Amino acid sequence: MARATQARLPDEEFKVSVAGGELAVARYGSNSGKPILAIHGITSSNRAWQSFAISMVPHGYTIYAVDLRGRGRSNALPAPFGMENHAKDMVKVLDHLKLERVDVVGHSMGAFVAVALLAIDPVRISKTVLIDGGLRLALPPGFTVEMVLPIVLGPALARLQMEFASKEDYRNYWRPQAAFTKGWSRAHDEYSDYDLVGQEPNLRPATNPAAVEADSRDLFEQELLDLTLQNLKDEVLMLRAVRGLQNEETPLYPEQVLQVLLPKYPKVRVVTVEDTNHYDILLDQNGADKCAELAFGVKS
C-alpha cells in the first residue's frame, strides 16, 4: 500500500560560515542520532529530504540537509560555484558540526557534489550513496554542453525566469508536471513554498540561474570526479531511477551508458529502483522508503 508523504519540517535550521557568507543547513532528527549529510539537486533545496527523513529519523538517524550555494536560503552566496567548491562548503559544514566521519547521500547534482567530497576529503566519509546522479552524463555525438543543457534540465531552467503571484500559483505550476505522476502531497507543498523568495505578487524561485549554468558543465566534463570514481577504495552505491526527469521511459542513466561507464568504476555498485523517476525516487515517500532500505537496511 502506498504511504502518503506528509510535510516534515526540520527540527533546527542554522547557518554555517563559508567563503563569501553563510550556508543554510536544516537538521532533521535529534542532535544525537547517527549523522547523514544530505545534498540536494541542481535547482532544489534541503526540503527535498523530508520524505527521506521520515524514513530514517525513527531508526536513530539524523539528516543534515544543506541548501547548496546559490540555492534555497543559500541563494545569495556568490561564485565560484562548481562541484569542488560545493564540496569545500560541505567540509565547512562537517567542521561546524564537529563530525569526523559521516555518511553522505546526494541526489542528482548533489551526488556529483558527494563524489567531489570524496575527492577532496575522503577520510571524512564512511559511506557514500548516490541517488540517480554522480556518474558523468553522456553527451550525444556532435552535441556540446550548451546544446544539451536545455534538453536535460528542461522546464527547470525556464522556471527560474518565471514569477508567481502566490504560493498556490507556484504549487499549481508543479502539480501537473510529469515527474509527479504519483500525486501531490503536503511534503510537496512545503517543498514548493520553501523554494520561493520575494513578495506577492512577484514571487520567484530561489535558485540563482548563474549557479545552475556554472555547475552544469561539471556534470559532463569534470575530470576530478571521473578520476575519483576510477580510483575508489571503498564501494559506492548508486540508486538508479528507472525513468527520466519528466517520467519518460529513458532514464538519466540508460543501460547502454552504464555498460560503458561501470567497467571504469569497479567500486560503483548500481541498483535500479523500480517504479521511480528522477524526482520521485526521493520526493515521493515510497521512493524515499526504497532508498532508505536499499542504502541503510531501514524498513518503514
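With respect to being modelled with pLDDT of 95 or more and within 16 Å of residue 135 (Cα to Cα), residue 207 falls outside the description.
Examine the range 237-255 for a residue that is in contact (Cβ under 8 Å) with a residue 24 or more places away in the chain and under 19 Å from residue 61 (Cβ atoms), and state whether such a residue exists. Show your work before the answer.
Start the filter on the range 237-255 by keeping residues that are in contact (Cβ under 8 Å) with a residue 24 or more places away in the chain, which leaves 237-248, 251-253.
Those left that are additionally under 19 Å from residue 61 (Cβ atoms): 237, 239.
Within the range 237-255, one or more residues are in contact (Cβ under 8 Å) with a residue 24 or more places away in the chain and under 19 Å from residue 61 (Cβ atoms).
Would you pick out the residues in the range 226-243 that are out of contact with any His (no Cβ under 6 Å at 6 or more places or on another chain) and outside any helix (DSSP H, G or I)? Passing the criteria: 231, 232, 233, 234, 235, 236, 237, 238, 239, 240, 242, 243.
Across the range 84-106, the number of residues qualifying as part of a helix (DSSP H, G or I) and open to solvent by 30 Å² or more (accessible area, probe 1.4 Å) comes to 7. Filter the range 43-66 for residues that are in a loop (DSSP other than H, G, I, E, B) and out of contact with any Phe, Trp or Tyr (no Cβ under 9 Å at 6 or more places or on another chain); which is most open to solvent (accessible area, probe 1.4 Å)? The extreme case among them is 60.
Residue pairs whose Cβ atoms lie under 8 Å apart, separated by 6 or more positions or on different chains, with the first residue in the range 69-89 and within 18 Å of residue 160 (Cβ to Cβ) and the second aromatic (Phe, Trp, Tyr), are 69/81; 70/81; 72/194.
In the set 262, 232, 283, 294, only one residue is open to solvent by less than 40 Å² (accessible area, probe 1.4 Å) and farther than 22 Å from residue 177 by Cβ; that residue is 232. Quick one: count up the residues across the range 136-154 that are touching a residue at least 60 places away in the same chain (Cβ under 8 Å) and either open to solvent by 10 Å² or more (accessible area, probe 1.4 Å) or out of contact with any Phe, Trp or Tyr (no Cβ under 6 Å at 6 or more places or on another chain) (or both). So the answer is 9. Going by what's in this entry, would residue 268 be described as among the aliphatic types (A, V, I, L, M), over 24 Å from residue 62 (Cβ atoms) and open to solvent by 80 Å² or more (accessible area, probe 1.4 Å)? No: the conditions fail for residue 268. Name every residue in the range 107-135 that is among the charged types (D, E, K, R) and either in a helix (DSSP H, G or I) or surrounded by 21 or more Cβ atoms within 10 Å (Cβ to Cβ) (or both), in order of residue number. 124, 132, listed by residue number. Scanning the range 96-113 for residues that are over 14 Å from residue 65 (Cβ atoms), in contact (Cβ under 8 Å) with a residue 24 or more places away in the chain and charged (D, E, K, R) gives 100, 101. All of (1) more than 17 Å from the chain's Cα centre (by Cα); (2) under 20 Å from residue 190 (Cα atoms) hold for residue 77 with one exception: (2). In this structure, residue 245 does satisfy being closer than 26 Å to residue 175 by Cβ, at pLDDT below 95 and open to solvent by 10 Å² or more (accessible area, probe 1.4 Å). Does the range 11-26 include one or more residues that are free of Cβ contacts under 8 Å to residues at least 60 places away in the same chain, within 18 Å of residue 107 (Cβ to Cβ), surrounded by fewer than 24 Cβ atoms within 10 Å (Cβ to Cβ) and in contact with a strand residue (DSSP E or B) (Cβ under 9 Å, 6 or more places away or on another chain)? Within the range 11-26, one or more residues are free of Cβ contacts under 8 Å to residues at least 60 places away in the same chain, within 18 Å of residue 107 (Cβ to Cβ), surrounded by fewer than 24 Cβ atoms within 10 Å (Cβ to Cβ) and in contact with a strand residue (DSSP E or B) (Cβ under 9 Å, 6 or more places away or on another chain).
The values are calculated or read from the model by the stated rules, or taken from the named source; none is laboratory data. Just so it is clear, the model here is predicted, and its values are computed rather than measured. Don't worry about glycine lacking a Cβ; one is built from the backbone with ideal geometry, like all the others, and counts go over all protein chains shown. Remember, those area values only see protein heavy atoms, side chains included, never the ligands or the DNA or RNA. Shrake-Rupley method; radii C 1.70, N 1.55, O 1.52, S 1.80 Å.
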